[in-house]
Amino acid sequence: MSEGAAPRQASPPDLGALAAITDAVEAGAGLPEILRAAARALEASLILIDRSGAILAVAARSPADERSLMRDAGDVMTIELRVAEAPVGQLRMRVRDPAPDAALLRLVTTLIGSEVERVRAPERASEEAATTFQRAVLARRIEHRDDLVARGKELGSDLGSGGSVVVVRAHPRSPTEDDWRQRLLAVTGRGARSIAPGAIAASSESDAGEVMVLVPDPDGDTGRRVAASVLRELESGLPGFAFAIGRSRRAEDPLDLHRAGNEALLAANVVEGDQERSELAYAETGTYQLLLPHMNDPAELNRFYKETVSPLVAYDEQYETDLLGTLSTFLECDANVNATAARLITHRHTIRYRFERVRELTGLDVSSTDGREKLSLGLKAMRVLGIAAPRGPATEPGAEGGRVPR
């Protein structure tokens, strides 16, 4: 447009295109046909996405437009679709000048939103029923085996031959959009059902960034394959995230699935923050299994944590030190100071200085067997509780940036 020229006015609504939208809705032609009619009415390229991040339909004028819509490019307008103030999805739109009339755009998006709600409502009702069932199973609110199996079969999940549980967590490594938790649920469910069609994935009641997956597991290997599939889907579908996946053993009796849920949670807590792996089976958690009985009532774990390593966490947070990390590495190195110093790339005198500070803060001496055992169990209790370790440079007073004077 030349400088000073009047902006082009939006063309009058194409009544024939509007009628095509109405005809498609009345005929139950489906969301793809409705979106194509809407694209003609708005003279735009459109992509329709549900609230979980799944693509429902695309109506693009060219491959370039479709690629722009898929990656949400800068020239793409995103409109949230709502029905009765509840979000049902979003419409991404790429238009050419001039933009559609505002009243026409509102009318078309309202029609599309209402149709999305109508089409997806039965599926969401089924999802809600599956979520309710899964939470009842894991909380052991279903007391009779036959009742549990029958209710699962009604939802397409046959647990009669046993099952397992997978816990999936994601943490963004950098700021991201608010809807990533819905995408986490959608991607996890897709990965799980690609291996076990009857798997039920639902967000945790306590943490929307955590997904619980109830897996029909007749052979004892399905849970492992589900966890591997979910991790592959997450790594491709949620780039820029860190993951922690815990997997239980197979529960032969479906009434024991509440125990399997605790096993998966414990494994997820243990692998949380591990730099070398993202997935861990309960069978690989070693002595952490001794703490499983406390998963339902963590009061004892909290008490032991507070009496052992809690002061180290508080000190590290306040002074940006790494007493806790040094202690953990020391125990992994079989209490060998030289090996610990080599792994941390610091002087052994610095390591000894930090252990003196550990003794002052906790009253426990790493040079004694009793002190090491208590501190080791305190670290395990911390991980089972899901308490993240603070990380920071070693700047404790006297350490001179990680080294003490010789």
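Since every read-out is calculated from the coordinates, none of them should be taken as a lab result. Just so it is clear, the model here is predicted, and its values are computed rather than measured. Virtual Cβ from ideal backbone geometry, glycine too; neighbours counted across all protein chains shown.
In the chain, helical runs assigned H by DSSP with n ≥ 4 each contribute -39500 (n - 2.57); averaged across all residues and rounded to the nearest 500, the mean residue ellipticity at 222 nm is -15500 deg cm²/dmol. Membrane-span-like helices of the chain, defined as complete DSSP H segments with a Cα extent of 20 Å or more along the helix axis and a mean Kyte hydropathy of at least -1.0, are identified as 102-138, 180-195, 222-237, 257-271, 369-384. Label separation (A54 vs L107): 3.1 nm, computed from points 7 Å beyond Cα along the C-beta direction. Taking 0.36 nm per residue of sequence separation and removing the Cα-Cα distance, the L385/S194 pair yields an extension gain of 65.6 nm.
Straight-line cross-link partners of K374 among the aspartates and glutamates, defined as a Cα under 17 Å from its Cα and at least 8 positions apart when in the same chain: E300, E307, E332, D334, E356, E360, D365.
Taking only alpha carbon atoms, segment 82-134 gives an Rg to Rh ratio of 1.16, where Rh is the Kirkwood radius. Most tightly packed first, judged by the mean number of other beta-carbon atoms within 10 Å of their residues, the peptides 373-379, 98-104 read 373-379, 98-104.
Between E360 and A136, the FRET efficiency estimated from the beta carbon spacing at R0 = 51 angstrom works out to 0.55. For segment 324-396, the Kirkwood hydrodynamic radius from C-alpha pairs, put into Stokes-Einstein at 10 °C and a viscosity of 1.306 mPa s, yields a diffusion coefficient of 126 µm² per second. The three principal axes of the Cα atoms in segment 15-123 give end-to-end lengths of 35, 32, 24 Å, sorted in falling order. The charge dipole of the chain, taken about its Cα centre with unit charges on the Cβ atoms of Lys, Arg (+1), Asp and Glu (-1) only, comes to about 700 debye.
Packing-based ranking of 310-323, 211-224, 77-90 yields 211-224, 310-323, 77-90, ordered from highest to lowest mean Cβ neighbour count within 10 Å.
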